[in-house]
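The values are calculated or read from the model by the stated rules, or taken from the named source; none is laboratory data. For clarity, every value in this text was computed on a predicted model and none was experimentally measured. Reconstructed Cβ throughout: ideal geometry from the backbone, glycine too, with neighbour counts over all protein chains shown. The area values use the complete protein model at the heavy-atom level, side chains included, leaving out ligands, DNA and RNA. Shrake-Rupley method; radii C 1.70, N 1.55, O 1.52, S 1.80 Å.
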Amino acid sequence: MSNSIPVPQTSTTTIVRNETFIHKATDLKPHLNTSTVQPQQMVEVLQDTNAMHGWLALPLHSAVSSSEQHYGKGDEFILDFGMHQVGYLSFSVSPVGSPPDAPLHLKLTFGEMPVEVGEPFANYTGWISSSWLQQETLYVDVLPDVIRLPRRYSFRYVKFEIIDTSQKYRVAFDNIQIQTVTSGDASRIVPLEHPDPLLQDIDQVSIRTLQNCMQEVFEDGPKRDRRLWLGDLRLQALANYETFGNNDLVKHCLYLFAGVPNHQGQVAANLFITPTLIPDDTYLFDYSLLFTVSLYDYYEATQDSGTLQELWPTAYRQVELALERLNEQHLPPHSDEWWSFIDWQEELDKQAPSQAILIYTLKRTIRLAEQVDPDKLPFLNQRLEDVTTATLAQLWDEEQGFFVSGPNLQISWAGQIWMALAEVLDAEQNAALMQRLLSEQPDIGLTTPYMHHYLVEALLITGDRDGAVKHLKSYWGGMLRDGADTFWELYDPHNKSFSPYGSYLINSYCHAWSCTPTYLIRKYKL
Ligand code: RAM
C-alpha cells in the first residue's frame, strides 16, 4: 500500500496506517442527536433476595428534588430517570441558610441497575479496572452554581450523596437533567406492532439498547468498554439494517478497522477512537474473521460495490491469516492464550467453534470473491474443501452425534451452534444436530447474549422457528422479568450473578451484542 506509514507500538505489533481509509472514515463521522430528559421520580433501593443482584428500586412518594428540599451533611437521595439514558448530567445547586463558609463536597453515583446505587463500590474485587464504576466526587467552591458533568454517563439511577456542607448552610438542587446523545435516529424506525406483546416489548428494548450504544462508533457498551469491538459491531450492524438504517455508521466503523491493521494485515479485535485512532493490541481469530463477515453483511444490505472493492483486500487478508494459522491437519492448534473469543464460558475449548467460524467466513468470502476477485475462487474453494473435510474427519463424532473440540474432545453448545451456522453437515443432519443439542443439553453452555443470538439464528436456519421463538422469549424475556430497561452484557439464567470480570458490579447493562432480537424478529418475521 503506497499510502501506508508503519507506526511502532509499545507491544511487538507494528501498525500500518492507511491514511486514505482513515480519511474516508473521518468523513463518515456521525452526527450525534441530543435531547433533554428530566428525572421521573425519587426512589429508594432496598435489598430483596428475589431481585436481580439482590436490589430493588421502589418509588418514594416525594417530588423529584427541587429548591424546596434542603440537604446537609450525610443526606442522600436517588433519582430515577425512568429508563436507561446515555449523556451528560447537569443541575443547579444553591446554598440555603448562612453564607456558605466551606465548599460543598458532593458524591454522585450512577447505576444502570439498582445494585450499582445500592451496593458500595468499595466491595468491588474484580480484575478489570474499578475506574469503570460510574461515580464522581465534586467540590463546589462557589455557590450557587450550575454543574455540567464533563463525563458522559450511562444510567437510569443517580445517587446524590452530600458528603459535607458546613454547620452553617445546606443546599438545594434544581433543574436536574440529562442531555442525551446518540447517533441512532429513532424517527427512521418502522413501528413493529407485533401481535405478541412479549415480542413487541423485546423488540422495543432491543432498539433502545442499540440506540444507546450508537455513539461516534457502534460502542459495545456505553458504560464499559465504550469501544468499537468487532464481534459486537457485526451484530449491531445487523440490527441496524432492520431498524435505524444508519449504514454510513457501519461503513465508518469498517473503514476505521481497515485503517489500522498490523504489519501482517490483521485487523485488531477492538479500536480506541480518541485521542486518535488506535487499535488495541488484542488480536482474536474469530473477531478478525468477523470483519470479513461484516463486510459481507454490509454489501448484502447496501449493494455498495465501491466499499466492497476498497475493503476487499483487508477482508480477504483476514481469511488468509486464519488459514495460515491452521496446523497440518487443517485445524486451529491448541493454545492456552486468549486467541479466539467465542464466549465468556470459562471452560470452553475454542477449537471447534473457531474452525466453524472460519468455514462460515470462507463461504461468505467466496460469494464476495465472485463479485470482485474471481481469480481467488480456485484457492478459496480448495481451502474450504480442505477445512471442511478435516472438520468432518477429525471433529465430527458420528457415534455421539456432536462435534468435539480440543485435546479433551469437548462437546460444547458453542461448538455445535457455530458448526450448524457454518452448515458443515447436510440440511437434515444439521437440523438433527440442533435438536440433539436441545435435548441432550451438554454441560459446557453459553454465558452471553452474544452466543444466545447465534443459538437462535442456528435454530432458525435449521428450520426450528418454534424453538427459536421459544428460546428468544425465554432468554430475553427472562432479562425483562429481571428488570432490564436495555439488554445486558451477561445473562446466565442459572447463575444470575455471573461475571467474567469477578463482579457483577462492573458488568455492562446496556450492551451491543444483546440488541439482536429486533433483527431476529424483523428479518425472520417471527
Ligand atoms: C468485552 C466487551 C465486548 C466483547 C469483548 C470480547 O470486554 O465488552 O463486548 O466484544 O469482551
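The modelled label-to-label distance between residue 136 and residue 281, using points 7 Å beyond Cα along the C-beta direction, is 3.3 nm. Working note: 222 nm ellipticity from helices only, DSSP H runs with n ≥ 4, each -39,500 (n - 2.57), summed and divided by the residues of the chain, gives -12000 deg cm²/dmol to the nearest 500.
Of all accessible surface on the range 78-172 at a 1.4 Å probe, what whole percent is carbon and sulfur? List each step's numbers first, then the result.
Details: 2010 of 3910 Å².
That fraction is 51 percent.
Note on the chain: dipole from Cβ charges, positive end direction compared against 488, 139, 476; the farthest Cα belongs to 139.
Gap in Å between the Cα centre of the range 170-207 and the Cα centre of the range 221-283? The distance from the Cα centre of the range 221-283 to that of the range 170-207 comes to 24 Å. Measuring only protein heavy atoms, the 1.4 Å probe finds residue 302 accessible over about 40 Å². Ligands, DNA and RNA are left out, and with a 1.4 angstrom probe the accessible area of the range 33-182 is 47 Å² per residue.
About the Cα centre, and with charges only on the beta carbon of Lys, Arg (+1) and Asp, Glu (-1), how big is the dipole of the range 61-127? Nearest 20 debye, please. Could the numbers behind the result be given before it?
Values: 2 positive and 8 negative charges, 29 e Å.
Using Cβ point charges on Lys, Arg, Asp and Glu, the range 61-127 gives about 140 debye.
Given Cβ point charges of +1 (Lys, Arg) and -1 (Asp, Glu) and nothing else, what value in debye, to the nearest 20, does the dipole of the range 413-526 about its Cα centre take? Can you show the working numbers first?
On the way: 9 positive and 12 negative charges, 83 e Å.
Roughly 400 debye, rounded to the nearest 20.
Shape call for the chain from the C-alpha gyration tensor, a ≥ b ≥ c root eigenvalues: rounded (a/c under 1.5), prolate (a/b greater than b/c) or oblate? Judged from the Cα gyration tensor, the chain comes out prolate (a/c at least 1.5, a/b above b/c). Given a cut-off of 20 Å, name the pairs among 223/470; 24/223; 24/251; 470/523; 159/223; 473/523 whose C-alpha atoms lie farther apart than that in the structure shown. Flagged as over cut-off: 223/470; 24/223. What residues of the range 391-409 lie in the reach of a label at residue 429, counting those whose backbone N is under 20 Å from a point 7 Å from the Cα along Cα→Cβ? 391-406, 409, by backbone N distance to the label point.
One quarter of the convex hull surface, Cα atoms only: what value does that give for the range 291-345 in nm²?
Working: hull surface 21.0 nm².
Answer in nm², one decimal: 5.2.
From the alpha carbon centroid of the range 497-526 to that of the range 79-136 is 25 Å. Here residue 213 sits with roughly 0 square angstrom of accessible surface, probe radius 1.4 Å. For the range 92-188, what class follows from the C-alpha gyration tensor (a ≥ b ≥ c being the square roots of its eigenvalues): rounded when a/c is under 1.5, otherwise prolate if a/b is larger than b/c, else oblate? It is oblate, given that a/c is not under 1.5 and a/b is not larger than b/c.
With +1 assigned to the C-beta of every Lys and Arg and -1 to the C-beta of every Asp and Glu, and no other charges, what is the dipole magnitude of the chain about the Cα centre in debye, to the nearest 20? Numbers along the way, then the final one.
Details: 37 positive and 66 negative charges, 238 e Å.
The calculation lands at about 1140 debye.
Taking each residue as 0.36 nm, the span from residue 73 to residue 480 lengthens on full extension beyond its C-alpha to C-alpha distance by 142.8 nm.
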